[in-house]
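Inspection log for the structure reproduced underneath, given as structure tokens.
The values are calculated or read from the model by the stated rules, or taken from the named source; none is laboratory data. Note that the structure is a prediction, hence the values are computed from the model and not measured. Cβ sites come from the backbone with ideal geometry, for glycine too, and all protein chains shown count toward neighbours.
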Amino acid sequence: MAETKPPPRRAVRYIKPLGPRVLVRVLKVDERSNAGLYLPEGVKEKHDDALYGEVVEVARAEADDDAGLGANVSGVPLGAFVLFPKKEGLRVPWDDDLRLLEVKAVYAVVEEVAPDALQ
């Protein structure tokens, strides 16, 4: 009887930005126009100059502790929502939603506030 091999396991990839860089997951925004009409996929992105995303990893200093995570040296907070030009950044080959950006390409950190928190 032939021995069956288990299927090959997919590698888990961890990206560690180096230098003044951050890893951003591009977030999809509402696909309606300002007038409330739904736009076909791709139309809105074609006319937008900027993308919106969440910082999922930052450049870190060498770790001094056993946790393996050093201090954030990028200057952009981990978990921040950011605005950046759509032509900036390096697309990650295995995940089209991830971009590796230089910090200077981040134009703004966006704070999301619930409407009832506004006064």
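Structure notes:
- When residues of the stretch 1-25 are limited to those that are charged (D, E, K, R) and under 25 Å from the mean Cα position of the chain (by Cα), the one modelled with the highest pLDDT: Arg25
- Hits in the stretch 93-119 (condition: touching a residue at least 60 places away in the same chain (Cβ under 8 Å) and aliphatic (A, V, I, L, M)): Leu98, Leu100, Leu101, Val103, Val106
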